[in-house]
Every structure is written in structure tokens, then in C-alpha cells.
Amino acid sequence: MASLNVYSALVVLFLTCGAALATKENDQIIIETNCETKMGLPCVLEAFTRIFETGSISNKCCGEHVGLGKIFHSALVKRTLENPLFKDLSPATIIAKSIQTWNNCLALIDSLSPSA
């Protein structure tokens, strides 16, 4: 049941791209990134599960995630950690998983890019 609440919160965060409790800086980055049209909901859920729970992220979703940029990635993680629904999560653990997820996706995308 808690997992359903987490996913519901995630969907609301991504579909509205704004939350009253988030800092203006993080909100502005997410709004400017136009996240609701650049990353599909299945990939949003994969990235979220990989960072905030236990899961994996597909090559396709890594591509979408990296395509939004590191600034978006960081803003999303910070904004989610500011949300009271996630107050029980360890920020240090989440940040470590966030960095690992970003680096793994970036390496994957780089390895799939045609070499010059």
C-alpha cells in the first residue's frame, strides 16, 4: 500500500511539474525542462524506482532521463526529498543511489553512441 502512495505522489509531481512545498529553484528547473512531455510515465516510474526504492532502469529510460540533463536530475531528487511523503528516506542513501543511477545511465548512453 505504501508503494501505491509513493507512485501516486510521483505521478502527481511529474504531471503537474510543480509542488507548493518545493523550492522555487527546483520547481523552475523542472518547469523549464518541460518534463511532462520529454519523459514518458513508464520511464518516470523506472527512474524513480531505481533511485528511491529497489529497481532497475531500462536503456530506453536511461536515454530519456539523461536527455533531460543533470540539472533536471538533481532538481528532481532534491524536490522529492523535500516532500513530506519521503521524510523517512535517508538523504545520504538517496543521493548515493541518484549519483550511481546518473553515472550508470550516462555510461550506458555513451557506450551506445556511435564513435567518431
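Just a few scattered comments:
- Counting every other Cβ atom within 10 Å of each residue's Cβ, Ser90, Ser98, Ser74 order from fewest to most as Ser90, Ser74, Ser98.
- Neighbour counts of C-beta atoms inside 10 Å place His73, His65 in the sequence His73, His65, starting with the fewest.
Computed from the coordinates by the stated procedures, all read-outs in this text should not be read as laboratory data. All figures in this text were calculated on a predicted structure; none of them were measured in a lab. When we count neighbours, we look across all protein chains shown, and the Cβ atoms used for this are built from the backbone with ideal geometry, even at glycine.
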